[in-house]
Amino acid sequence: MSVTRPKGSARARHRIILGSALGGLVLAGGLVGCGNGQSAGSSPSVGTPRTPNVSSFSGTPPSALASSASSAISSARASASAAASSASARASEFEASVDAETQRRSAAAEKELKNVKGRGNALSEVAMTGIPRSQTGGVLAVLVTITNKTDSTASYAVQVDFKDASGKVVETRYVGAEHLEPGKKDQPIAFSHQPQEAKLTPVLAKAQRY
């Protein structure tokens, strides 16, 4: 004997199965959306690389440090060279400020001493005193005091050697006095043209009365 089931019951079961299937699809879609961190219906986006903000960095790049060091060394060398070359210029300016007559006397004294043997006949009539560098623009200079201790008018030629620590003569300068009356004195200046850094000592080498 066959049993006939109501058509309404089959239709109800069909609706339940279809609804379950649709519900599963909706649930799966929601899980996928949650997994991507996006809301349903939005399209996924691709991240764009960003350039780091260099303003937040600190320190100096190695290449810049090397360039700075090189610049400092070049500057130091240039300063040393300028200091050495300017020493002679300052000496010349100081010499010129003394006066042209003193330069003429210096040339005359050098000429006179060329024929003098030994240290000369007037060492006891000559004395030397150092002049502060603050007064000479940094130039090494000595005040040579020539005093005529005789009873007659006389002229004098004086040689001053500038020696280093080993006693070697680095430079020689000449000064003089002309027609100096008895008991009178003259005070020419002998100065070095060497750089300020040179440690030199002025020495009375010759003094000739003529």
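The values are calculated or read from the model by the stated rules, or taken from the named source; none is laboratory data. Small disclaimer: the values here were computed from a predicted structure and weren't measured. Quick reminder, even Gly has a Cβ in these numbers, built from the backbone with ideal geometry, and neighbours come from all protein chains shown. When the accessible area is computed, the model is the full protein with side chains, heavy atoms only, and any ligands, DNA or RNA have been set aside. Shrake-Rupley method; radii C 1.70, N 1.55, O 1.52, S 1.80 Å.
Leaving out ligands and nucleic acids, and using a 1.4 Å probe, what accessible area per residue does the stretch 107-155 come to in Å²?
Values: 2750 Å² over 49 residues.
The answer is 56 Å² per residue.
In this model, which of LYS117/LYS206; LYS185/LYS206; LYS111/LYS163; LYS163/LYS206; LYS114/LYS149; LYS149/LYS184 are farther than 20 Å apart at the alpha-carbon?
LYS111/LYS163; LYS114/LYS149
Cα convex hull of the stretch 105-200: mean projected area in nm², to one decimal?
Orientation-averaged projected area of the Cα hull: 6.6 nm².
Stretched out fully, how many nm does the piece from LYS149 to THR102 gain, at 0.36 nm a residue minus the Cα gap? Working shown, then result.
On the way: separation 47, 0.36 × 47 = 16.92 nm, distance 2.18 nm.
Length gained, LYS149 through THR102: 14.7 nm.
Carbon and sulfur atoms: what percent of the 1.4 Å accessible area of the stretch 112-155 do they account for? Intermediate values should be presented prior to the final figure.
Numbers: 1170 of 2430 Å².
It is 48 percent, rounded to a whole number.
Under 14 Å from a point placed 7 Å out from the Cα of HIS179 along the Cα-to-Cβ direction: which residues of the stretch 119-162 have their backbone N that close?
From the stretch 119-162, the list is 153-156.
Expected output is a single nm value to one decimal: the length gained when fully extending between LYS199 and SER75, i.e. 0.36 nm times separation in residues minus the C-alpha distance. What is it?
Values: separation 124, 0.36 × 124 = 44.64 nm, distance 2.47 nm.
Residue separation times 0.36 nm, minus the Cα-Cα distance, leaves 42.2 nm.
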